[in-house]
1. So what is the 222 nm mean residue ellipticity for the chain from helices alone, if each DSSP H run of at least 4 adds -39500 (n - 2.57) and you divide by all residues, rounding to the nearest 500 deg cm²/dmol?
2. Using the alpha carbon gyration tensor of segment 8-103, what are the three equivalent-ellipsoid semi-axes (square root of 5 times each eigenvalue), largest first, in whole Å?
3. I need the trypsin sites (Lys or Arg not before Pro) found in segment 153-238, filtered to DSSP loop residues with at most 12 other beta carbons within 10 Å of theirs.
4. Could you put 112, 67 in order, starting from the residue whose Cβ has the fewest other Cβ atoms within 10 Å?
5. Using only the alpha carbons of segment 109-240, what is the convex hull's orientation-averaged projected area in square nanometres?
6. On a full-extension model of 0.36 nm per residue, what is the gain between residue 170 and residue 86, subtracting their alpha-carbon distance, rounded to one decimal in nm?
7. Let me confirm the definition first: pairs of Lys residues in segment 109-240, 8 or more apart or on different chains, C-alpha distance under 30 Å. How many are there?
8. Would you kindly state the longest site-free stretch of the chain, with sites defined as GluC sites (Glu not before Pro) in a DSSP loop (not H, G, I, E, B) surrounded by at most 15 other Cβ atoms within 10 Å?
Amino acid sequence: MANPYFPKLVTIEKITIENEARDLKTFRLAFCNRDDKKSFKYECGQFAMLSVPGAGESPIGIASSPLDEQYLEFTVKCYPTGVVTTALHNLEEGARIGVRGPYGNSFPLKELERKNVLIVGGGFAFTTLRSTIRYMLNEKSRARFENITVIYGARSPGELIYKPELKEWEERDEIEMYVTVDRGDEDWKGREGFVPAVLQEIAPSSENAIVLVCGPPIMLKFTMLPLLDLGFSPDRIITSLERRMSCGIGKCGRCNIGTMYVCKDGPVLSYKQIQELSEEIF
């Protein structure tokens with residue numbers, strides 16, 4: 001039986017600095033072993049453990065699409081007190097790290113088929129949503145989904161991630177994009193406003209629709225009520241509790257909420273499931 005704690009070796013092929021603060025980087029990884037690549041089958045919304053020798057490991061949501069067959073991508077924020085993220089940010093292209101997983105459940109793409117999909121994201125929590133958008137827009141799967149509407153926001157223009165991709169999506173006819181910032185600068189020509197306010201302004205229809213929403217806890221807290229007011233029932237509001245994860249396989253107990261282990265029973269949950277939990281989540 002394979003050791004669940006033993007990571008697969010990968011090479012950092014490309015590093016993209018995503019924001020002006022330079023504390024958000026996207027790492028494009030390639031498996032060193034062909035069999036490891038074949039066995040790493042993941043779905044949108046899942047996460048993996050990234051490990052840096054001598055520093056430890058950390059759970060990170062997978063930002064690439066399962067249809068990006070040649071590589072894996074993870075967008076990682078470097079925290080001042082984060083030993084692993086700091087070590088990862090200090091690496092250069094060509095370095096080798098470890099990956100184990102994938103872990104957790106995924107966004108319910110089967111349920112999204114033949115439905116309108118609303119995606120609401122904030123900050124760097126947009127990573128697994130980006131994975132889902134890439135998957136739905138791929139020519140192999142686009143016909144399975146109806147209208148796609150995306151509302152994505154960040155604190156400032158310099159904090160928006162995946163900027164070239166955002167521009168590409170805005171130019172496509174088969175996706176409706178609303179990119180906003182809390183406060184623009186002198187060069188910003190786009191929309192200003194908090195994500196919940198923009199959601200209320202746009203007022204997307206809930207008819208035959210499901211929403212995927214990810215963001216910081218304060219954004220999630222103030223986004224749920226507008227979604228309910230728009231007619232989205234709690235079972236059709238899907239979010240992720242990725243921030244709660246620790247070991248990845250439900251052994252350390254740090255991610256438990258009541259009898260639930262987020263890394264095994266989640267991280268993807270409906271708002272209905274969250275309402276039924278015994279503690280306040282956000």
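Every number here is computed from the coordinates shown, using simple stated rules; none is lab data. The shown structure was predicted, so the numbers you read here are calculated from the model rather than taken from an experiment. Please note: Cβ atoms are built from the backbone with ideal geometry, for glycine as well, and neighbour counts cover all protein chains shown.
1. -6000 deg cm²/dmol
2. 20, 14, 13
3. 172, 183, 189
4. 67, 112
5. 7.5
6. 26.9 nm is the gain from fully extending residue 170 to residue 86.
7. Going through segment 109-240 pair by pair, I get 15.
8. In short, 208-275.
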